[in-house]
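The next block holds one structure in the form of structure tokens; read it before the comments.
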Amino acid sequence: MSDIKLIAFDYDRVLTDENLNFDVELVKYINEMKNNGIVVGIITGRRWAYIEKMKNFFDFIVYENGFFLYYNGHIKLCNEQQEKIAKEAKSYFISRRIDCIFGELMISCTMDKLEYVQKIKNIISELEIVTNIDRFIILPKGIDKGYSLKKVLDLLKINTQNVAVVGDGENDLSMFKIAGLPICIGNSIDELRKISKLCSNKKYSKGTEEILAKLKSINYRYDENI
């Protein structure tokens, strides 16, 4: 049996309802885990201006899909070359007035903008395109949720077998492959379901509530062989 020492959540459609409103009913579960010594965090594609409101509930927040970590202050997780590539891609989209959401380094676009991707990849070959439900994210190679989770674990000196993650979309796959206990909910994509060790029947935040009640009932321990 392994103890859960850290749990990381995707934000949209995991800690929120289908309309992307945070479910305040989750706060009691978050506090329960923190009182049991578990580090509780968010790993999201959202920009800091959007997700900052969550900092009082969680121990850490990874934002812009792995570029940045908030933990006792803001920490840049990418290297200089990755930052340069991200800025070149952002400049390309902004200069052409392509309607996307721009973070400090991340680019998030609706699926109808995919026609521009091949053009920019011909210019900047060190880019990856990660789909996420109804959008795609443009990132330098090596930057993803799994990469950022490893950085957090190194910082806190926590082993992967003591980590649980909860997510629903394609961009969560990289962190699911790292965590000892990957967890899906009712609205998770099939790729996540195939590698999950626990899954709820309910969807969105209610599915997460169901999972957290289950983890509490087993004292935040799991059989790593399941």
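Summary of packing: across the peptides 81-89, 121-129, the per-residue average of other C-beta atoms within 10 Å ranks them, highest first, as 81-89, 121-129. A straight Cα-to-Cα reach below 17 Å connects LYS113 with the aspartates and glutamates ASP99, GLU128, ASP134, residues fewer than 8 places away in its own chain not being considered. Rounded to the nearest 0.05, the FRET efficiency derived from the C-beta distance between ASP134 and ASN36 at R0 = 41 Å is 0.70.
Using the Cβ atoms and a cut-off under 11 Å, what net charge is assigned to the surroundings of TYR220, where Lys and Arg are +1 and Asp and Glu are -1? Don't skip to the end; give the middle numbers.
Numbers: positive: LYS5, LYS214, LYS216, ARG221; negative: ASP3, GLU32.
Result for the neighbourhood of TYR220: +2.
Of the solvent-accessible surface of the range 1-141, computed with a 1.4 Å probe and all protein chains present, 44% belongs to carbon and sulfur. Rolling a 1.4 angstrom probe over the protein heavy atoms with all chains in place gives the range 41-119 an accessible area of 51 Å² per residue.
Taking each DSSP H run with n ≥ 4 as -39500 (n - 2.57) and averaging over every residue of the chain yields -9000 deg cm²/dmol at 222 nm. When the C-alpha to C-alpha distance is required to be over 19 Å, the pairs from LYS28/LYS206; LYS151/LYS194; LYS145/LYS202; LYS87/LYS150; LYS5/LYS150; LYS119/LYS141 that qualify are LYS151/LYS194; LYS145/LYS202; LYS87/LYS150. For a 4.7 Å threshold on C-beta separation, the list of partnerless cysteines in the chain reads CYS78. Taking ARG97, ARG193, ARG13 in turn, the Gaussian network model of the chain (Cα-Cα springs below 10 Å) assigns the largest fluctuation to ARG97.
Computed log10 I(q)/I(0) for the range 1-123 at 0.13, 0.17 Å⁻¹: -0.63, -0.94, from the Debye equation with unit scatterers placed on every C-alpha and solvent omitted.
The values are calculated or read from the model by the stated rules, or taken from the named source; none is laboratory data. Keep in mind it's a predicted model, so treat the numbers as computed, not measured. Glycine also receives a Cβ, built like all others from the backbone with ideal geometry; neighbour counts cover every protein chain displayed. These accessible areas exclude ligands, DNA and RNA; they are computed on the full protein's heavy atoms, side chains included. Shrake-Rupley method; radii C 1.70, N 1.55, O 1.52, S 1.80 Å.
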